[in-house]
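Okay, structure first, notes after.
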Amino acid sequence: MEPERPTTIHTEEELAPRGPWPFLRGALPGGFGRWGWGLLAGWVLVLLGPALGWAGHLRRAAGWSALPSHWGESLSARDLWELWENGGLQHKVMNSPTVHLFGLGLVVVLWCGWRMQAETAGQKARLGPWLLGALDTLLIGVVPLGLVAWLVDLGLAKAGSSGLDALGWTAFFGRPLVWMSLVAALNVQWWLCRLGRSAGLAHGYRSHLGVSFMRLWSHPIQWGLLSIGGAALRALPPFLVLLLAWRLGGGTTFRVWLFLLLQLLVTAVNGWVMGWLLRATARFWNHDVLVQDVRMTLKESLRDAEAL
């Protein structure tokens, strides 16, 4: 009698290997939740803290000039020279609140994002995996992802120098997007590495690096489009608000506060998008851990069968 063939993970729908896209729908709560609100508040602090800190610094440097009455208007070269030379900006470009508030907001964003992602993945958010996951990303992520970004940027640069308007505009907007997407992809690699660290290195450090690397590179199209789309989605709304402010100009206190509120709104949206991607990555990681465990069990069963 012929023995039964073992069931593969591909015949089980719940155990079939998947990319990150199927997990986006379940991650729609995004930045909402206990730690998500901290993530949103951190993004707002990253924007509002440095802006207010530097505005106060600029006000003291400019004195009681007419510049505060022309928010959103073009500054002439003479205005900039006056601020730089007579305002003392050449001695102190930024003040302490500008730097410290930005740093505080960034720490809040990174830590609350980690707490939210670890909670979604059912892991304990510890400082060690958070930091060592970044080191793992430097080892396995910077060179391959940087090489891909450099090649794409090189191709866009050559296309932009072809003399065709369409390719020129594509290169103009595409090249910054490439490097923003690189940062987004490195973030994804960091997220996968730190989640792997938080679960423990049961199969050794080299296995951890290899599995974390393949979790990203096994689905290059899906992760690539998520990185590009996420970077574009986070960059476009703030750019549109700044463009609107530039076109309409300041002139009144109402307009200045309106632009500030719009910028805060799109910053909160950016925080929600970041939370969405964090949750989706955690859900993908949970599923992939299950797939890897089943694969290892099947391999051990096959070795035992061959040994008989």
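Within the range 256-304, the residues that satisfy the criterion of being buried (at least 16 other Cβ atoms within 10 Å of the Cβ) and either among the basic types (Lys, Arg) or assigned to a loop (DSSP other than H, G, I, E, B) (or both) are Arg279, Arg283.
Here the helices (runs of 4 or more DSSP H) wholly within the range 141-229 that include at least 1 residues being more than 27 Å from Phe284 (Cβ to Cβ), outside the structural domain of Ala280 (by TED's automatic domain parsing) and acidic (Asp, Glu) are 142-160, 165-198. Could you check, for the range 221-232, whether at least one of its residues is under 30 Å from Leu127 (Cβ atoms), out of contact with any Ser or Thr (no Cβ under 6 Å at 6 or more places or on another chain) and among the hydroxyl-bearing types (Ser, Thr, Tyr)? No, the range 221-232 contains no residue that is under 30 Å from Leu127 (Cβ atoms), out of contact with any Ser or Thr (no Cβ under 6 Å at 6 or more places or on another chain) and among the hydroxyl-bearing types (Ser, Thr, Tyr). Those helices (runs of 4 or more DSSP H) of the range 27-140 in which at least 1 residues are within 21 Å of the chain's Cα centre (by Cα) and either surrounded by 14 or more Cβ atoms within 10 Å (Cβ to Cβ) or modelled with pLDDT of 80 or more (or both), considering only elements entirely within it, cover 34-62, 96-121, 127-140. Only residues that are without any contact (Cβ under 8 Å) to a residue 12 or more places away in the chain and among the acidic types (Asp, Glu) were counted across the range 123-166, and they come to 1. Residue selection: Leu233 fails the criterion of being outside the structural domain of Met296 (by TED's automatic domain parsing), free of Cβ contacts under 8 Å to residues at least 40 places away in the same chain and either on the phi < 0 side of the Ramachandran plot or touching an Asp or Glu at 6+ places or on another chain (Cβ under 6 Å) (or both). Residues of the range 149-158 that are among the hydrophobic types (A, V, I, L, M, F, W, C) and buried (at least 16 other Cβ atoms within 10 Å of the Cβ): Ala149, Val152, Leu156.
The values are calculated or read from the model by the stated rules, or taken from the named source; none is laboratory data. Computed from a predicted structure; not experimentally measured. Here Cβ is always computed from backbone atoms with ideal geometry, including for glycine, and neighbour counts include all displayed protein chains.
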